[in-house]
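Derivation of every value follows stated rules applied to the coordinates shown; laboratory data play no part. Fair warning: this is a prediction, and the values are worked out from it, not measured in the lab. Using ideal geometry, Cβ is built from the backbone for each residue, glycine included, and neighbour counts are taken over all protein chains shown.
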Amino acid sequence: MNQSNAQNDASTGQHDLQTQHVIDLQMSMAHLELTVERLDEVIARQDKDIQTLQRQLQLIYKQVESQDTDGGIAPFDVMADRPPHY
């Protein structure tokens, strides 16, 4: 009978270990799901920001292209705009 009790105790201990392992895996999976959701929100927000910046840049390009150089902004010239210490 002692051997039977020892086998039951070992079986119960193994079952408890497996249960704890499953619980640990479920906790890890829940953490990873939360992380993925947060990263998805960040990516969606960044995509929206990038689209807004691209539209703003297109507007700036259109404004620059439509201006004449005589009455407004002259093209950038590296040699003409160099600092005096050169």
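If you stretched the chain out fully between SER11 and ASP47, how much longer would it get, using 0.36 nm times the residue separation minus the C-alpha to C-alpha distance? Before the final figure, lay out the partial values.
Details: separation 36, 0.36 × 36 = 12.96 nm, distance 5.33 nm.
Full-extension gain reported as 7.6 nm.
What distance in nm separates the simple spin-label points at GLN63 and MET29, each placed 7 Å from Cα in the Cβ direction?
Label at GLN63, label at MET29, 5.3 nm between them.
Report the extension gain between ARG38 and GLN18 in nm, rounded to one decimal, defined as 0.36 nm multiplied by the number of residues separating them, less their alpha carbon distance.
On the way: separation 20, 0.36 × 20 = 7.20 nm, distance 3.04 nm.
Difference between extended and current length: 4.2 nm.
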